[in-house]
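The structure under discussion appears below in the form of structure tokens.
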Amino acid sequence: MNVIEKVSADSLLGGRSVFPRSPRSGLEWVEVVRHGISSRALDAMLKSIGLSQAELAQALDIPERTLARRKREGVLSREESAKLLRLARVAARAAEVFDDLDLALAWLKMPVAALEDATPLSLVDTDIGTDSVMDTLGRIEHGVFA
């Protein structure tokens, strides 16, 4: 999937089918997270980034059984919503840097020397890991690979 239209966190999470009105600012996202993101976003994210439910659960550090329960309940908790949004933001940023969602997703799943050979996907379960991934993406964007 080539990035002809801009890939955004809300589009990866299901866009209009999940968010009647797309959050436009960080503060609007805060409100969405506080109220809990619809569990429909889980299926949209699985489809968007090509992960299995087990891989998504691991990336979010949420037990797979909990994700299955949230799908039945219809809404994620505040913490789960924040984790899912964090992953969507990283994937969207990677798509922006690589100018291609498929390349970005491949990069997220491969060991990266600048991240001490960890996969970026394995680091997004924490804020500090996510910061490291975003910093690495910024360096790639500016041509600094080490």
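The values are calculated or read from the model by the stated rules, or taken from the named source; none is laboratory data. Being a predicted model, the structure only gives us computed values, none of them experimental. Counting neighbours? That spans all protein chains shown, and the Cβs are built from the backbone with ideal geometry, glycine included.
General remarks:
- Evaluation of Leu51 against the conditions (1) surrounded by fewer than 16 Cβ atoms within 10 Å (Cβ to Cβ); (2) outside any helix (DSSP H, G or I); (3) hydrophobic (A, V, I, L, M, F, W, C) shows that the sole unmet condition is (1).
- Unique residue being in a helix (DSSP H, G or I) and over 15 Å from the mean Cα position of the chain (by Cα) when the list is Arg70, Arg86: Arg70
- Filter result for Ala59 (among the hydrophobic types (A, V, I, L, M, F, W, C), in contact with a helix residue (DSSP H, G or I) (Cβ under 6 Å, 6 or more places away or on another chain), in a helix (DSSP H, G or I) and modelled with pLDDT under 95): yes
- Restricting the first member to segment 122-138 and to residues that are touching a residue at least 24 places away in the same chain (Cβ under 8 Å) and surrounded by fewer than 19 Cβ atoms within 10 Å (Cβ to Cβ), and the second to residues that are part of a helix (DSSP H, G or I) and of a type in the set (Asp, Glu), no beta-carbon pair is closer than 7 Å while six or more apart or on different chains.
- Per-region count, segment 16-31, residues surrounded by 13 or more Cβ atoms within 10 Å (Cβ to Cβ) and either touching a Ser or Thr at 6+ places or on another chain (Cβ under 7 Å) or not in a helix (DSSP H, G or I) (or both): 4
- Where Arg34 falls short, out of the listed (1) more than 25 Å from Ser122 (Cβ to Cβ); (2) in contact with a Lys or Arg (Cβ under 7 Å, 6 or more places away or on another chain); (3) not in a helix (DSSP H, G or I): (3)
- Contact map, segment 89-115: residues that are modelled with pLDDT of 95 or more paired with residues that are of a type in the set (D, E, K, R), Cβ distance under 6 Å, separation 6+ or inter-chain. Pairs shown: Val97/Glu141; Pro111/Asp117.
- A Cβ distance below 6 Å, combined with a sequence gap of six or more or placement on separate chains, defines the contacts here; from segment 55-71, residues that are without any contact (Cβ under 8 Å) to a residue 60 or more places away in the chain reach residues that are in a loop (DSSP other than H, G, I, E, B) and among the small types (Gly, Ala, Ser) in the pairs Arg70/Ser39; Lys71/Ser39.
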